[in-house]
1. Exposed (fewer than 10 other Cβ atoms within 10 Å of the Cβ), at pLDDT below 65 and part of a loop (DSSP other than H, G, I, E, B) - does that describe any residue in segment 36-57?
2. Could you identify the single residue in 78, 112 that is in a helix (DSSP H, G or I) and either exposed (fewer than 10 other Cβ atoms within 10 Å of the Cβ) or in contact with a helix residue (DSSP H, G or I) (Cβ under 8 Å, 6 or more places away or on another chain) (or both)?
3. Being at pLDDT below 80, in a loop (DSSP other than H, G, I, E, B) and surrounded by 10 or more Cβ atoms within 10 Å (Cβ to Cβ): is that true of residue 28 here?
4. Write out, first by first residue and then by second, each pair whose Cβ atoms fall under 8 Å of each other, whose residues are 6+ apart or on separate chains, and whose first residue, in segment 1-21, is loosely packed, with under 10 Cβ neighbours inside 10 Å while the second is at pLDDT below 75.
C-alpha cells in the first residue's frame, strides 16, 4: 500500500527523550519584592517568608453593636396617622376628580375587560 504524497507519518516518541532535549531554564531575575513563579525560583536563593498583619484578615469576633437609639412610639404613631390621613385625602380627591370626569361624559374602561373589548373591534 502506498501513502499519498501529502500524508505525514507519525512515529512513537519516548517522553524521556523530550525531557533530555528540553532547553535549559534561564536563571530567574528576581524582582524586588515581587512574585516569582515557582518554576523561575532558584534553589540557592533564600526564601523570604511572607509577613501578615491583622489588617489582612477579617475579625472573627462579633461586630461592635451600635448604641440603640430611643424610639418614641407616640411620635411614630402620630406620623403614621398623618400619613394615613394624607393618603385618604389623596384618594378622596381622586374619587371626586373621577366622579367629575364621569359627570362630564368620560368613560373608564376596566383593564380586566381589555381582551374582550379588543376582540369585539
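The values are calculated or read from the model by the stated rules, or taken from the named source; none is laboratory data. Quantities reported herein were computed from a predicted structural model and do not represent experimental measurements. In this analysis, Cβ positions are derived from the backbone assuming ideal geometry, glycine residues included, and neighbour counts consider all displayed protein chains.
1. No, that holds for no residue.
2. 112
3. Yes.
4. 9/3
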